[in-house]
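The values are calculated or read from the model by the stated rules, or taken from the named source; none is laboratory data. Just so it is clear, the structure is predicted and the values come from calculations on it, not from any experiment. Positions of Cβ are generated from backbone atoms using ideal geometry, with glycine treated the same way; all protein chains shown enter the neighbour counts. What goes into the accessible areas is simple: the full protein's heavy atoms, side chains included, and nothing from ligands, DNA or RNA. Shrake-Rupley method; radii C 1.70, N 1.55, O 1.52, S 1.80 Å.
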There are 4 protein chains.
Amino acid sequence: MKLTPAAAGTFAIAPTPFFDDGRIDEASIDRLSDFYTEVGCDGVTVLGILGEAPKLEAAEAEAIARRFVKRAEKLQVIVGVSAPGFAAMRSLARASMDAGASAVMIAPPPSLRTDDQITGYFRQAAETIGDDIPWVLQDYPLTIGVQMTPSVIRKIVMDSISCVMLKHEDWPGLEKISTLRGFQKDGSLRPLSILTGNGALFLDFEMERGADGAMTGYAFPEMLIDVVKLSQAGRRDAAHDLFDAHLPLIRYEQQPGAGLAVRKYILQKRGVIASSAQRKPGSAITATAKAEVDYLLSRVARVDPRANLGPQAAAAE
Amino acid sequence: MKLTPAAAGTFAIAPTPFFDDGRIDEASIDRLSDFYTEVGCDGVTVLGILGEAPKLEAAEAEAIARRFVKRAEKLQVIVGVSAPGFAAMRSLARASMDAGASAVMIAPPPSLRTDDQITGYFRQAAETIGDDIPWVLQDYPLTIGVQMTPSVIRKIVMDSISCVMLKHEDWPGLEKISTLRGFQKDGSLRPLSILTGNGALFLDFEMERGADGAMTGYAFPEMLIDVVKLSQAGRRDAAHDLFDAHLPLIRYEQQPGAGLAVRKYILQKRGVIASSAQRKPGSAITATAKAEVDYLLSRVARVDPRANLGPQAAAAE
Amino acid sequence: MKLTPAAAGTFAIAPTPFFDDGRIDEASIDRLSDFYTEVGCDGVTVLGILGEAPKLEAAEAEAIARRFVKRAEKLQVIVGVSAPGFAAMRSLARASMDAGASAVMIAPPPSLRTDDQITGYFRQAAETIGDDIPWVLQDYPLTIGVQMTPSVIRKIVMDSISCVMLKHEDWPGLEKISTLRGFQKDGSLRPLSILTGNGALFLDFEMERGADGAMTGYAFPEMLIDVVKLSQAGRRDAAHDLFDAHLPLIRYEQQPGAGLAVRKYILQKRGVIASSAQRKPGSAITATAKAEVDYLLSRVARVDPRANLGPQAAAAE
Amino acid sequence: MKLTPAAAGTFAIAPTPFFDDGRIDEASIDRLSDFYTEVGCDGVTVLGILGEAPKLEAAEAEAIARRFVKRAEKLQVIVGVSAPGFAAMRSLARASMDAGASAVMIAPPPSLRTDDQITGYFRQAAETIGDDIPWVLQDYPLTIGVQMTPSVIRKIVMDSISCVMLKHEDWPGLEKISTLRGFQKDGSLRPLSILTGNGALFLDFEMERGADGAMTGYAFPEMLIDVVKLSQAGRRDAAHDLFDAHLPLIRYEQQPGAGLAVRKYILQKRGVIASSAQRKPGSAITATAKAEVDYLLSRVARVDPRANLGPQAAAAE
């Protein structure tokens, strides 16, 4: 089922599971798919920045997308297709859609600077993949370095009928959501789903500003789902209470570069992936950091028992 | 009293108070000085990035430094002297020390790239101000864009006998503190005070990794002081409990660009500064953001009554 | 006399002469003023990037501007006033105009990224200095890193009635001049003087594309003047013949970072400035580089005898 | 035959020829191979930045490398294998060597900043491709943004026995060559071929500083070959005379972004490639620019008849 501007809820960003030697771990892909389905995610996004996509060969990327699509049949699967060139982007996009994906996601290349360069890039990208493929615009200046104003985002969306969603992870970004929703009120922007990323660091207020849900890789998607639902139900205090209980860990996970190692460590503890290894070049997690994460988990678990993952990491490592 | 490598505790980063028309508000400088003294800060850092230093003329900067030093006589005052050129840096550094400041703080200019450029810059800077002036090295890559490895920091410190403190605000930075403390254990780095900035977002664990205290502009320095003391006393859970209660607001304040407006808004609510105005070009805070801050304050106040600042912002603005 | 959009011809970019110990060399300022006047420049621009402006204290900058204005009374003097903050920019701008300068020049700060940030910055800058002060927009992405499209430049110019000139040094920039001149033909851009910088590396074709002249620091402004005049007179081959004879040296001078040392070396050889020293931190010129410059001078002199500067640098240095 | 540190002479950087519709033009690849062979190049480098490598799919890149290797059997073929991830880099490197290439070339990814990041990256890259594959280190900060000091280059070379050549295109870079050659004199750097790129803008002096030859895409490799030989023969004036005759065109070709269009235009005029088209997103060349190139060609031809390419571009286009 193709993604539409009405998409909402929680889309998990999936890491790509590897064995310690760098090979792709397909059984863990299946467990990830099952896990996201069972906890109640609406979708899953694969081959994003978190998914170590640039480290994959083209054939590997296609195989991973296909496997997720096949196994997570109840979820909408979005495939990250950002690439240095349009030829590779088109290939992966078309192969993914042929396999049954719901949409693709495109981030701007770091070299873009002026408004015209940015809007021109996305116009060409959308043309290249073909306007029968719904796509998600990723706005992540903290990591990518490309700054898109609300007006530029509006232009990109209005230029391409197939752009159906914004993955919003500007930082700070609260006013950006308000401005975009204001554009829709004044009729200058058509319907657009906005899911928030940025590690969920502002999910609480982003929902109140008008986001339709979350799209991020926090290792407890259950919390994302609940906060999104509580917020949508207007239960503000309850949403914040749950969110705040997780915030110390959310913040810990959202460390640039180091965050992926933390997430894989937790997902491994949860029994979802077999190894926390990253393909080279990757970042490791020290024994001290593991102990810090364990401590945070034990604190979260006082409020949210789902974070109770049993014994802490052994001190010696 | 000059700053030494034994410095520890909490140093507040002071904003520069302006009237709505952009003039400097000297009475508010005095109230800020009194406030930091009364809550129990060990020092105050003025004319930092938060202090809108680049917007000041040279004579204004000197006058502000002098006024803080005079009024906050019980505190150690550190003056930010980062400047595009060494002549202006030297002038402000010497004038500040003549007025009674304890030290100066220097951040790298954004153009530096290679390790040699960075170490060479600080060697020349230290020579220029004179080695009778203790100085603080600011390591803030998120905002400044200059990346200094632990080895580079060690070289800078070992090259300049007058470098006494690191304002640590790399992100992520926990392993950096551990590495630097490891250098001291293996004898390759001399004593150095490490205070953590980065909006206190990782103060809880940074203390556990070996930081000597906090240097940041969070609008409740009382919390910083308490967390630093609890952590130093080994009361881990109590430190985290207090920290976690403030974390939703800490996180909100730490938004790049927008954070200063939030801090000035709270300090104004607390009656410390008369206006939350920034000198142009500044960032404003919307009515929605004010209401969000008020909501966060009310939530913090459930645990820490000091955050109870009375009625919330009027809806209409 | 204030600068107008009708300004044309050759404006030399003046270096700031220092003694070997870093003090400002006022006698050399006077000789520079006389030199530019005698060779027939139409104006001189001081305190630009080439002028080591960021290394100066505010009072020094004002004194240098005043001295040039006083001595170069037959020339239009443009004063670079780019500064990290508007307060310092305004002070230098007003002091310079009070002293008799013709205009000021403003470059964008390197942190600007989006079109809105750029146009917003210049709108505020123009307001800050006051619209009675004519100003020159400097477009130098190679060094500054800020990319302004022709549309953005048009908006800046149309937003500020006091913007009278573009210092064009985008690279490549030929199509930019054509586009801007096209805007004027279609009536969407008002009259604007365009002088080309970028070390004159494209002066030959930039004149043919519609530039009004040159504004750069090449050590033989006589050549700039002649090429501008030959080109304006439609003597294409003659303009290129002269330009090409100098091109090997132009190219050598235009090395980022190293160029200033080469220019000061030649101006010293020409007897205009007493020392080729730069204020710290500066770049030096090696004995090998001096010998290379001497060789280039001897080759230029075969076509243009003005480049005959006598004996070459001694081998040993 | 594998590339060794004794490599010298002229290596052409080949563009990738496309048809107007974006398909790869294999017949033009063969003509390019023949052309480089016939004019006397020592080698050819394919799939570099000039070769639009990021726009190719993996299978296309391999096919292009294979075709060049097969046809240009008398030349040493170097294949650019820079990629966002090591998996893709390894695949292309091994496939190219299996097909008979002499070496591969690796540029640093733009995200690298600190010395340790840079040296660590190349250590991992060399391990990944395997130390039986000779590789060329590309140092091109103007385009890539990564600054490598001479010490960093030395460490990279000393860390990897299979690094046999530096493609030197820092700018300015003359002192860098001198420093590296000095390292070899003092015994701290092992033998290393240095070929200069940067559009040949400094080929004249780079040869005198110790370069072993040229590796760049200037559309008249004959000139590069002659200048390299004249310089190696100690015929300084003759080398400069020939170089200077071409310099106006060299400079015109070396415009960032626009240069490739100029080169393809000239190679098309020379009958080597069938179309000057670039795969999207590409830069076009205007009619005015074509006329400027034609004018430059006619001027070069006065000294070097090889630049006589017949009638100029029609005015109307």
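How many percent of the accessible area of the protein assembly as shown is carbon or sulfur, using a 1.4 Å probe? Using a 1.4 Å probe with all protein chains present, the protein assembly as shown comes out at 52 percent carbon and sulfur.
Summing charges over all other residues whose Cβ lies under 12 Å from the Cβ of D:Trp171, with Lys and Arg as +1 and Asp and Glu as -1, gives -3.
The HN-Hα couplings worked out from phi for the range D:80-91 by the Karplus form 6.51 cos²θ - 1.76 cosθ + 1.60 (θ = phi - 60°) are x, 10, 4, 7, x, x, 6, 4, 5, 4, 5, 4 Hz, whole numbers, x standing for Gly and Pro. Check each residue of the range A:268-287 and keep those whose accessible area, probe 1.4 Å, is at least 40 Å² smaller with all protein chains in place than in the chain alone; give them in order of residue number. Residues meeting the cut-off: A:Lys280, A:Pro281. Among chain B residues, the beta-carbon with the smallest distance to the axis carrying B onto C is reported, with distance in whole Å, as B:Ala58, 2. Per residue, the Cα convex hull of the range C:253-306 amounts to 77 Å³.
What net charge is computed for the residues neighbouring B:Leu189, neighbours being all others with C-beta under 11 Å from the C-beta of B:Leu189, Lys and Arg scored +1, Asp and Glu -1? Show your work: numbers first, answer last.
Working: positive: B:Arg154, B:Lys155, B:Arg181, B:Lys185, B:Arg190; negative: B:Asp186.
Net charge around B:Leu189: +4.
Each eigenvalue of the Cα gyration tensor of the range B:186-254, multiplied by 5 and square-rooted, gives one semi-axis; in descending order these are 22, 14, 9 Å. Overall size of the range A:109-230 from C-alpha positions, given as principal axis extents largest first: 38, 31, 27 Å.
Calculate the FRET efficiency for A:Glu38 and B:Arg181 from the Cβ-Cβ distance with a Förster distance of 30 Å, rounded to the nearest 0.05.
Efficiency for this residue pair is about 0.10.
For the range C:99-110, putting each phi into the Karplus relation 6.51 cos²θ - 1.76 cosθ + 1.60 with θ = phi - 60° gives couplings of 7, x, 5, 8, 5, 10, 10, 10, 9, x, x, x Hz, in residue order, rounded to whole numbers and with x for Gly and Pro. When chain D is treated as a GNM with alpha-carbon contacts under 10 Å, the residue of D:Glu222, D:Glu57, D:Glu169 showing the greatest mean-square fluctuation is D:Glu57. In whole Å, how far is the Cα centre of the range B:193-259 from that of the range C:291-305? If we compute the Cα centre of each part, the gap is 64 Å.
Pairs from the list B:Lys70/B:Lys264; D:Lys155/D:Lys229; A:Lys155/C:Lys155 with a Cα-Cα gap above 21 Å: B:Lys70/B:Lys264; D:Lys155/D:Lys229.
Based on DSSP H segments of at least four residues, each scored -39500 (n - 2.57), the protein assembly as shown has a per-residue ellipticity at 222 nm of -14500 deg cm²/dmol. In the range C:295-309, the residues whose accessible area drops by at least 50 square angstrom when the other protein chains are added to the isolated chain are C:Tyr295, C:Arg299; the probe is 1.4 Å and only protein heavy atoms count. Once you order the gyration tensor axes a ≥ b ≥ c over the Cα atoms, which shape class does the range B:48-141 get: rounded for a/c under 1.5, otherwise prolate or oblate by comparing a/b with b/c? Prolate. Computed from Cα atoms, the angle from the helix D:115-129 axis to the main principal axis of chain D rounds to 90 degrees. For C:Thr10, list long-range residues whose amide hydrogen, built 1.01 Å from N in the peptide plane, is under 5 Å from its own amide hydrogen. HN-HN under 5 Å from C:Thr10: C:Asp42, C:Gly43, C:Ala214. Each other copy holds its own label point for D:Gly282; taking that point as 7 Å from Cα along Cα to Cβ, the gaps run 4.0, 4.8, 5.3 nm, nearest first.
Relative to the longest principal axis of chain B, what angle (0 to 90°, nearest 10) does the C-alpha long axis of helix B:259-269 take? For helix B:259-269, the angle is close to 50 degrees.
With protein chains left intact and a 1.4 Å probe, residues in chain A average 35 Å² of accessible area per residue. Compute the accessible area of each residue in the range B:223-251 twice, once for its chain alone and once with every protein chain present, using a 1.4 Å probe on heavy atoms, and list those whose area falls by at least 20 Å². Residues shielded by partner chains are B:Arg236, B:Asp237, B:His240, B:Asp241, B:Asp244, B:Leu247, B:Pro248, B:Arg251. Springs between Cα atoms under 10 Å define the GNM used for chain B, and in it the highest mean-square fluctuation of B:Lys229, B:Lys185, B:Lys155 occurs at B:Lys185. How large, in Å, is chain A by the Kirkwood hydrodynamic radius built from its alpha-carbon pairs? One decimal place: 19.7 Å for the Kirkwood radius.
Each other copy places its own label point for A:Gly100 at 4.6, 7.6, 8.4 nm from this one, sorted shortest first, where the point lies 7 Å along the Cα-to-beta carbon line. Scalar couplings 3J(HN,Hα) for the range C:192-200, obtained by applying the Karplus form with A = 6.51, B = -1.76, C = 1.60 to θ = phi - 60°, are 7, 6, 10, 10, 9, x, 6, x, 6 Hz; x denotes Gly and Pro. Rounded to the nearest 10 degrees, the inclination of helix D:58-71 to the longest alpha-carbon principal axis of chain D is 70 degrees.
Of the listed pairs A:Lys2/A:Lys74; C:Lys2/C:Lys167; A:Lys167/B:Lys269; A:Lys176/D:Lys280, which have alpha-carbon separations greater than 23 Å here? Over 23 Å apart, Cα to Cα: A:Lys167/B:Lys269; A:Lys176/D:Lys280.
Counting only DSSP beta bridges with both residues in the range A:9-246, tell me the antiparallel percent, nearest 5. Don't skip to the end; give the middle numbers.
Numbers: 1 of 29 bridges.
In the range A:9-246, DSSP labels about 5 percent of beta bridges as antiparallel.
A point 7 Å from Cα along Cα→Cβ stands in for D:Lys70, and the other copies hold the same point at 3.4, 7.9, 8.5 nm, listed in rising order. Taking a Cβ cut-off of under 11 Å around B:Gly85, the surrounding Lys, Arg, Asp and Glu residues balance to a net charge of +1, with basic ones at +1 and acidic ones at -1.
What separates the Cα centres of the range D:5-60 and the range C:136-154 is a distance of 34 Å. Relative to the 2.2 N^0.38 Å rule of thumb, the protein assembly as shown has a C-alpha radius of gyration ratio of 0.93. Take the accessible area of C alone and of D alone, subtract that of the pair with a 1.4 Å probe, and the total buried over both chains is about 2900 Å². Please say if the range A:164-289 is rounded, prolate or oblate, where rounded means a/c under 1.5 for a ≥ b ≥ c the square roots of the C-alpha gyration tensor eigenvalues, and otherwise the choice is prolate for a/b larger than b/c and oblate otherwise? Prolate is the answer for the range A:164-289, as a/c is 1.5 or above and a/b outweighs b/c.
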